[in-house]
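Below: one structure, written as structure tokens.
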Amino acid sequence: MTEFGTEDAAASFDPLRPKLVRIAYRMLGSVADAEDAVQEAFIRWMSVDRAEVREPEAFLRRTVTRICLDQLKSARRQRETYIGPWLPDPVVEDEEETDVALPLMLALERLSPLERAAFLLHDVFGLSFEELATTIQRDPAACRQLAARARAHVREARPRYQVEKERGLQIANAFYAASRSGDMKALGALLASDVSVHADGGGKRPAAMKPILGFAAVMKLHEYLAGLFKENASKLVRAGFINGLPGFVTLEADGEFQTTALDILDGKIVAIYVVRNPDKLKHLH
């Protein structure tokens, strides 16, 4: 491959890279794996006769999707042996993401790879069933069935009432202040009766091995954590949206980052998602 050929490939590929990474991340739930999939697509792009490709974006979307489908097969096997709850890598943004927020990403984990691809490409990214059929190498009727099955499985995970952005960030900041100071009265006022905590340590850092369910159990957990925070304070790095949910990034006493995302319904926190696995936080550095 000549230097000119590489530059030519990059010139047509680089403007599409952010969208391709977005698709790959939604498929895989891993920032590093998504970037690897897109880089593999670029390597393949360099080797094709690009003059013969009429629609580069469609071609590359198909390429990335097929790479991701292959990766999902091995990823599923790895998650069967994962230590504790599994959460997708946290993506931190200033604006909320309304198409595939964290609860929906977790619901997608229950789908087959093809159902996941059909739902994301058709329902989220707006591909026609004809283009979807070409992408996943199934006929359009089969694609409609895949998307319909996926839709039925994830319907409950789609946000029904979007929390207003500033209100969401206010609740996130209030939760941070109450949980770190040990103000249990203020903390309790923020939580729904059926609140849950899901902590992903991946066996690399201390974290609950199972979800903590219910108001009393979550309050008891935070009473314990408040004692730890008094001895070893965590530092707020920034507030923002973690995979579409209001939350914050902290620097913990062990020198590692942690992300906390809050699912909010009717002004109350119904779920708390904490990522502590350092392997999932490397990109935040």
Most mobile of Ser74, Ser30, Ser193 per a Gaussian network model of the chain (Cα springs, under 10 Å)? Ser74
Probe of 1.4 angstrom, ligands and nucleic acids ignored: what's the accessible area per residue over the chain, in square angstrom? 49
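Which pairs, out of Lys185/Lys210; Lys230/Lys282; Lys165/Lys268, put more than 18 Å between their alpha-carbon atoms?
Working: Lys185/Lys210 25 Å; Lys230/Lys282 27 Å; Lys165/Lys268 14 Å.
Pairs exceeding 18 Å: Lys185/Lys210; Lys230/Lys282.
Under 15 Å from the Cβ of Glu80, count the other residues' Cβ atoms, weight Lys and Arg +1, Asp and Glu -1, and hand me the total. Walk me through the numbers on the way to the answer.
Values: positive: Lys73, Arg76, Arg77, Arg79, Arg110; negative: Glu109.
Residues close to Glu80 contribute a combined charge of +4.
If you take the square roots of the eigenvalues of the alpha-carbon gyration tensor of region 3-74 and sort them as a ≥ b ≥ c, do you get rounded (a/c under 1.5), prolate (a/b over b/c) or oblate? Present the calculation step by step, with values, prior to reporting the outcome.
On the way: a/c = 2.04, a/b = 1.84, b/c = 1.11.
Prolate is the answer for region 3-74, as a/c is 1.5 or above and a/b outweighs b/c.
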On C-alpha positions alone, give me the angle between the axis of helix 31-47 and the longest principal axis of the chain, in degrees, nearest 10. 10
Could you name the lysines whose alpha carbon sits less than 17 Å from that of Lys19, not counting residues in the same chain fewer than 8 places away? none
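Expected output is a single nm value to one decimal: the length gained when fully extending between Glu223 and Arg50, i.e. 0.36 nm times separation in residues minus the C-alpha distance. What is it?
Values: separation 173, 0.36 × 173 = 62.28 nm, distance 6.02 nm.
Here the segment from Glu223 to Arg50 would lengthen by 56.3 nm.
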Helix axis angle, 17-28 relative to the chain longest principal axis, alpha carbon, degrees: 60
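Note down the relative contact order for the chain as a percent, whole number, built from C-alpha pairs under 8 angstrom at least six residues apart.
20
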Show the residues, 5+ positions off or on another chain, whose built amide H is closer than 5 Å to the amide H of Ala271. Ser196, Asp263
Helix 56-80 sits off the longest principal axis of the Cα atoms of the chain, rounded to the nearest 10 on a 0 to 90 degree scale, by 50
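For the chain, what does the helix formula give at 222 nm: sum of -39500 (n - 2.57) over DSSP H segments with n ≥ 4, over the residue count, nearest 500 deg cm²/dmol?
Value at 222 nm, helices only, nearest 500: -16000 deg cm²/dmol.
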Let me know the shape class of the chain, please: from the alpha-carbon gyration tensor, a ≥ b ≥ c as square roots of the eigenvalues, rounded when a/c is under 1.5, otherwise prolate if a/b is greater than b/c, or oblate. prolate
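The values are calculated or read from the model by the stated rules, or taken from the named source; none is laboratory data. All values derive from a computational prediction rather than experimental measurement. Cβ atoms come from the backbone with ideal geometry, glycine included; neighbour counts cover every protein chain shown. When the accessible area is computed, the model is the full protein with side chains, heavy atoms only, and any ligands, DNA or RNA have been set aside. Shrake-Rupley method; radii C 1.70, N 1.55, O 1.52, S 1.80 Å.
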